[in-house]
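Right, one structure below, let's go through it.
The values are calculated or read from the model by the stated rules, or taken from the named source; none is laboratory data. For clarity, every value in this text was computed on a predicted model and none was experimentally measured. Because the Cβ atoms are built from the backbone with ideal geometry, glycine has one as well, and the counts that use them run over all protein chains shown.
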Amino acid sequence: MKIHNLQNIKFTTKTENSISEEKIELIQGGEISTYLLKITFKSEIEPKPFSLVWEEEQIDMLGFWSPRAYFANNLTPEWNMRTEKSKTASGAPIIAIYNKADENKITVALSDPKNPSALRAGVVEETGRIKFEVVLFDMPTSKMKEYEVIVRVDKRKIPFTKSVEAVAKWWEEIGYKRAYVPKSTKKPLYSTWYGFHQHTIPDEIIKECKIAKEYGMDTVIVDDGWQTDDNSRGYAFCGDWRVSKGKIPDMKDFVDRIHALGMKFMIWFSVPYVGFESENYERFKGMYLSTRKHMNAMVLDPRFKEVREFLIDTYEKYVREYGWDGLKLDFIDSFTLSEESSKDYDKMDTISVEEGVERLLCEAHQRLTKINPEFMIEYRQSYVGPVVSQYCNMFRVLDCPSDAILNRAYSLGLRLTSGNTAVHSDMLMWNKNDTPEGVMYQLLGIMFAVPQISVRFDNITSEHKRLLKAFLSFWREHSEILLDGELELKGIDASFTMAKSTKDGHSVAVLYQNEAYVVENEVETNLFNSSGKDNVYIELLEDKVYEIFDIYGEKCESGILQAGVHKLLVKNCQRVRFTKTQK
């Protein structure tokens, strides 16, 4: 154990590794402090965990945020610390402590998003202080002789959203440049997953896509099921990646028919899995990282060039042959060392799993975008960190079917670290007998992400269809404001009580709880009431024309309001628009 005193912070380090040199240097002081940690091991080793610990006074600190802590944001004791784990294809090395005003108190981030790490924070019961811990090599990693990382500590009194967004920009500045984002990634799309699961039926999908296109969806993602005759879920038949002729007799014709509708075609792959029932199961023996018995599959080892070439060659061959416009690449967070991982290093072209994963993602991106510069690649939480952002243009919320709260919390949280990468909702589904308001909660929850829809249109009511069509029409009309505007969030401790995006004097906001809303002196303000109550409290800074629209987007009231505080009868899930009066 060693102690390092730097700028009023006493860092304590501890490890079981044999270290010849350990140094912490202050790079930059002030409200944003950066510290360079250098470690030299006595020999090339597979390092065991290395911890860097310090404490801060717990003053005006309410909760904890991280890329994977959107729902439970409470502070916990040091013996049960809140933790954000990250590596190349999972999570991101950042945590933030905030107050009741949603202001940043302390945001901690690392410069290394590749090697496994964990950022932790918890309350010290004896002192009422917050203990912070940076754990390097938190999961098994490859051998190394030296290691460096920058620890960034931001204590500025600014909205916590801004401190998180600043870290995302910092990652770009130190080399993690985001991939080009085609316009097509920021348009609503239709997904087959919840509506069809593995029952991939081209004629039925095309029938749905005709309606989806009419409603404003420009892409379809054909999910799991196209590669197997089996419909029992699981991944036992993944790994051969041959089109199921029993389901899709002619893949090229299927794609052409989708293109004829004016829609783009994407398709799903479970990247690392080779199923027990696949022909390739025997081929890759000795080139697996682990067994996933509950998946009925093995996890491929990307340290072998043969593995990476097999996967990328498969993608490239099909994209050229069938004219696919994008890929949904799933489960890349499964690439993790285990006790059964191969030790046949002579046959690998890298002994680092994290390097192997990045080579796979990089080479796939390069070769697919060479075929089509507008090619779309989607990755899903939790693999949405700065490394992955270099090699894709779409991030999707993790699976939360029919969960309006999680879809809201996940999509808004994901927006903070994703820069200009298109953030997509999880696919929306709902009960066919749900109320229009129940459906609208789902839609308003993902207002600030790209909508993915996954219902069967013949299995929802006419009111649902009318509602969906009206919502997507509004969303498309205001998409630049929603996706590219300045995002403001309130009430993180309640999974966000309000969200607002503003661009060029135009804003769209959603109240997720019944609270007062200040209408700024903007050209136009659109405010949705998703609070469950039939009124909103408004403070106007100037006289405004107001128009209230019902749940289907039809105008039902209008007038002029003078500057001041008002209680407006904007019913649950309705919208009110404010515009400037004519002087």
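Remarks
- Hey, residue 176 within 30 Å of residue 152 (Cα to Cα), in contact (Cβ under 8 Å) with a residue 60 or more places away in the chain, surrounded by 19 or more Cβ atoms within 10 Å (Cβ to Cβ) and under 25 Å from the mean Cα position of the chain (by Cα) or not: yes
- Selection status of residue 86, surrounded by fewer than 20 Cβ atoms within 10 Å (Cβ to Cβ), of a type outside the set (Val, Ile, Thr) and either touching a Lys or Arg at 6+ places or on another chain (Cβ under 9 Å) or at pLDDT 95 or above (or both): no
Here's the yes/no breakdown for (1) touching a residue at least 40 places away in the same chain (Cβ under 8 Å); (2) buried (at least 19 other Cβ atoms within 10 Å of the Cβ):
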{"site": "266", "(1), (2)": "yes, yes"}
{"site": "269", "(1), (2)": "yes, yes"}
{"site": "274", "(1), (2)": "no, yes"}
{"site": "277", "(1), (2)": "yes, no"}
{"site": "288", "(1), (2)": "yes, yes"}
{"site": "294", "(1), (2)": "no, no"}
{"site": "311", "(1), (2)": "yes, yes"}
{"site": "319", "(1), (2)": "yes, yes"}
{"site": "323", "(1), (2)": "yes, no"}
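- Top-ranked residue in segment 141-186 [being within 20 Å of residue 356 (Cα to Cα) and of a type in the set (S, T, N, Q); ranked as modelled with the lowest pLDDT]: 142
- Residues located in segment 549-567, provided they are under 21 Å from residue 444 (Cβ atoms) and in a loop (DSSP other than H, G, I, E, B): 550, 551, 552, 553, 554
- When the strands (runs of 3 or more DSSP E) confined to segment 1-51 are screened for residues that are under 26 Å from residue 158 (Cβ atoms) and among the hydroxyl-bearing types (Ser, Thr, Tyr), those reaching at least 3 such residues are found at 32-45.
- Taking the criterion of being outside any helix (DSSP H, G or I), without any contact (Cβ under 8 Å) to a residue 60 or more places away in the chain and buried (at least 18 other Cβ atoms within 10 Å of the Cβ), the residues of segment 449-480 that qualify are 449, 460, 478.
- Residue in segment 389-447 that is nearest to residue 373 (Cα to Cα), counting only those that are among the aliphatic types (A, V, I, L, M) and within 10 Å of the chain's Cα centre (by Cα): 394
- Segment 481-495, subset at pLDDT below 95 and either part of a loop (DSSP other than H, G, I, E, B) or among the β-branched types (Val, Ile, Thr) (or both), residue nearest to residue 403 (Cα to Cα): 495
- Residues in segment 293-342 that are under 19 Å from residue 365 (Cβ atoms) and of a type in the set (Val, Ile, Thr): 307, 312, 314, 319, 332.
- Extreme residue, nearest to residue 143 (Cα to Cα), among residues of segment 47-101 that are among the charged types (D, E, K, R) and under 21 Å from the mean Cα position of the chain (by Cα): 87
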